[in-house]
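What follows is a short report on a single structure.
The values are calculated or read from the model by the stated rules, or taken from the named source; none is laboratory data. Keep in mind it's a predicted model, so treat the numbers as computed, not measured. Don't worry about glycine lacking a Cβ; one is built from the backbone with ideal geometry, like all the others, and counts go over all protein chains shown. Surface accessibility is based on the protein's heavy atoms, side chains included, excluding ligands, DNA and RNA. Shrake-Rupley method; radii C 1.70, N 1.55, O 1.52, S 1.80 Å.
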Amino acid sequence: MTYNRDNYSLFVPPSTQDHIQGVLNAAVVFVMYGDYECFQSANVYRLIKVAGQQLKVSFGENNLGFIFRHFPQIQIHPHAQRAAQAAEAAAAQGQFWQMHELLFIHQQELENGYLVEYANRLGLDISQFLQDLSRGTYVDRINADIEGGQRSGVEAAPALFINGIRYLDRWTVEQIMAAIVAAND
């Protein structure tokens, strides 16, 4: 299957395989391709969180969904791939979003020792966590996210899709909220 870069639509639709906050069948579903070592990815994630919290009052809890997909840019962020693996290893123990938050908060501290510290802080089974990292258990999943992003025209993180359409406007809470309102109409 081919894709059209000018189309700016999401190639891989949201599914239960994704990490999601909210519900999959929400009126508005964000899909973000991000990199844990990327300052802009962390900022966009925070903007979406703020916009989502503000709009939950208007739209209700079940009308917004947020999906995070990995897009580590290893050529400029040497720790991004390993951080994505740590997030997936935490997901296997039911702690994806907690690890996701820690990785963005501490994105300047993503070396292996820090990743283990974060896993310990979350109460993860450290032996299992380390096995998952050393075996590269989740590399295929991360690579699938990257490939899906590339097929959707993503060349760099962050990239955001709202209801399957690439968001190309300014990265402000107001602009994102306006895009949510427009997508919900």
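Here the ratio of the Cα radius of gyration of the stretch 50-169 to 2.2 N^0.38 Å is 1.15. Per residue, the accessible area of the stretch 104-185 comes to 53 Å² when a 1.4 Å probe rolls over the protein heavy atoms. Size of the stretch 109-185: Rg and Dmax of its alpha carbons, in Å, are 17.8, 48.
Report in % the part of the accessible area of the chain that belongs to carbon and sulfur, leaving out ligands and nucleic acids; probe 1.4 Å. Each step should come with its number before you reach the end.
Details: 4480 of 9080 Å².
So the carbon and sulfur contribution to the accessible surface is 49 percent.
Using a Gaussian network model on the chain with a 10 Å cutoff between Cα atoms, which of ASN63, ASN120, ASN43 fluctuates the most? Comparing ASN63, ASN120, ASN43 in a Gaussian network model of the chain, the most mobile one is ASN120.
Local charge for THR172 was computed over the other residues whose Cβ lies under 15 Å away, with Lys and Arg +1 and Asp and Glu -1, and equals +1.
With both residues required to sit in the stretch 1-125, DSSP beta bridges show an antiparallel share near 35%. For the stretch 1-133, a crude dipole built from +1 on the beta carbon of Lys and Arg and -1 on the beta carbon of Asp and Glu, taken about the Cα centre, is about 360 debye to the nearest 20.
Across every pair of non-identical alpha carbons in the stretch 5-108, the mean reciprocal distance, once inverted, gives a Kirkwood radius of 14.5 Å.
Sorting the segments 104-115, 44-55, 78-89 by their residues' average number of neighbouring beta-carbon atoms within 10 angstrom, most packed first, yields 78-89, 44-55, 104-115.
Ranking ALA90, LEU103, VAL31 by Cα position along the charge dipole of the chain, where only Lys, Arg, Asp and Glu carry charges on their C-beta atoms, puts VAL31 farthest toward the positive end. For the pair the stretch 134-180 and the stretch 21-69, the centres of their Cα atoms are 11 angstrom apart.
Long hydrophobic helices in the chain, taken as whole DSSP H segments with a C-alpha length of 24 Å or more on their own axis and mean Kyte-Doolittle hydropathy at least 0.5, are absent. Each Cα pair under 8 Å and six or more residues apart adds its separation to the average, and for the chain the resulting relative contact order is 36 percent.
Of the residues LEU124, LEU103, LEU168, the one that moves most in a GNM of the chain with alpha-carbon contacts below 10 Å is LEU168.
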